[in-house]
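The values are calculated or read from the model by the stated rules, or taken from the named source; none is laboratory data. Since this is a predicted model, take the numbers as computed values, not measurements. With ideal geometry, Cβ positions are generated from the backbone for all residues, glycine too; neighbour counts draw on all protein chains shown. These accessible areas exclude ligands, DNA and RNA; they are computed on the full protein's heavy atoms, side chains included. Shrake-Rupley method; radii C 1.70, N 1.55, O 1.52, S 1.80 Å.
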Amino acid sequence: QVQLVESGGGLVQPGGSLRLSCVTSGIIFGIGDMAWYRQAPGKQREWVALITSDGTTTYADSVKGRFTISRDNVRNTAFLQMNSLKPEDTAVYYCKYTWATYDAWGQGTQVTVSS
């Protein structure tokens, strides 16, 4: 059974930091790409960051320089380190696994940036 489980979300003040985790099971983690997406209330889901199976990373312009995506192929886990958070980063954050034409999503974790 494929499972992607996000955690680490919460309420943080502007300028603060959070580290999201995506623990996976039921997939061959090391051969796939991992990505983070987010969806704010009333908006479409948007791509945030990607790390390929060989460790190449790319970021949306809105988070470049503030967020860092990483992966641990031993623990089958992806991470998103979020620094200098802004109110506009408030959203539900989802992780996604992709290999060839197959993809799987987690259930999401809420991040709220507010004073």
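Among the numbered conditions (1) buried (at least 18 other Cβ atoms within 10 Å of the Cβ); (2) more than 14 Å from residue 8 (Cβ to Cβ), tell me where residue 47 comes up short.
It is condition (1) that residue 47 fails.
What's the number of the only condition in (1) outside any loop (DSSP other than H, G, I, E, B); (2) in contact (Cβ under 8 Å) with a residue 60 or more places away in the chain; (3) not basic (Lys, Arg) that residue 48 fails to meet?
Condition (2) is where residue 48 drops out.
From 85, 80, which residue is within 25 Å of residue 115 (Cα to Cα), outside any strand (DSSP E or B) and touching a Lys or Arg at 6+ places or on another chain (Cβ under 9 Å)?
Unique residue meeting the criteria: 85.
Condition check: without any contact (Cβ under 8 Å) to a residue 60 or more places away in the chain and under 19 Å from residue 111 (Cα atoms). Does residue 36 satisfy that?
Working: without any contact (Cβ under 8 Å) to a residue 60 or more places away in the chain: no; under 19 Å from residue 111 (Cα atoms): yes.
No, not satisfied.
Restrict the check to the range 4-17 and report whether at least one residue is modelled with pLDDT under 95, closer than 18 Å to residue 99 by Cα and open to solvent by 50 Å² or more (accessible area, probe 1.4 Å).
No, every residue in the range 4-17 fails to be modelled with pLDDT under 95, closer than 18 Å to residue 99 by Cα and open to solvent by 50 Å² or more (accessible area, probe 1.4 Å).
So, residue 21, is that one closer than 18 Å to residue 81 by Cβ, in a strand (DSSP E or B), polar (S, T, N, Q) and touching an Asp or Glu at 6+ places or on another chain (Cβ under 9 Å) or not?
yes
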